[in-house]
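Okay, structure first, notes after.
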Amino acid sequence: MYEIRIHSRGGQGGVTAARLLALAAFRDGKYATACPFYGAERRGAPVVSYVRIDDHPIRVYSQIRNPDLVVILDTSVMEVVDVFHGLKPDGKVVLNATREKEIAGHTTYAVDLTGIALSLNLVIAGSPILNTPVIGALAKMGIISMDSARNAIAEMFSDDRNVKAAEAAYKELVV
């Protein structure tokens, strides 16, 4: 089972990114679950979402304590939450950043999700929407196929800028 923990702030699209990722994995013929964890916080508060992907039915619906991958949509969350807690020794990290940052002992990938969203004017209430670009980055990493990513995004959103954002992140991420 491949387990992913997504750290974001309310309004950035982390919860929707988890749903999109699970839908794309399902389109790839996998079993997948997605669930968010947040309280009564408002826009801008830290939010954690969890995704499990497997070739077999998933019977676990708890929080993910030892993820294979941590996705950080807003690096400022790192100041208030230990986003790397429990990350497996061979775990990977995806950062929404313009350049890679050294994360001790973990393979780290940087992709400018914010820049991609802003370039396509994917903004709601002044915040760039990062859910569709990050799906393209995860497709580049081989977690899902890009075809399934496109299909999941098109199923959820009618605005073709969302697919373009995923494609841009796919092209930008260096694996």
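Here are a few things to note about the model shown:
- All lysines inside 29 Å of Lys88 as judged from Cα atoms, apart from same-chain residues fewer than 8 positions distant: Lys30, Lys101, Lys140, Lys171
- Segment 89-132 and segment 3-31: distance between their alpha carbon centers, rounded to Å: 14
- Evaluating 6.51 cos²θ - 1.76 cosθ + 1.60 at θ = phi - 60° for every residue in segment 123-140, the Karplus couplings come out as 9, 10, 6, x, 9, x, 8, 9, 5, 6, x, 5, 5, x, 5, 5, 5, 4 Hz, glycine and proline recorded as x.
- Vicinal HN-Hα couplings computed from phi for segment 160-175 (Karplus, 6.51 cos²θ - 1.76 cosθ + 1.60; Hz; Gly/Pro x): 5, 5, 5, 5, 4, 5, 4, 5, 5, 5, 4, 6, 6, 5, 9, 9
- Packing-based ranking, highest mean first, of 127-140, 9-22, 106-119, 79-92 given that Cβ atoms within 10 Å are counted: 127-140, 9-22, 106-119, 79-92
- Across the chain, C-alpha contacts under 8 Å between residues 6 or more apart give a mean separation that, scaled by the residue count, equals a relative contact order of 23 percent.
- Dimensions (Å) - the chain, Cα atoms, principal axes, largest first: 37, 36, 36
- Residues whose amide H falls under 5 Å from that of Val47, counting only those 5 or more places apart or on a different chain, are Ser8, Arg9, Gly10, with hydrogens built in the peptide plane.
Coordinate-derived values only; no laboratory data. If you're wondering where the values come from, they're calculated on a predicted model, not measured in any experiment. We place every Cβ from the backbone using ideal geometry, glycine too, and count neighbours over all the protein chains shown.
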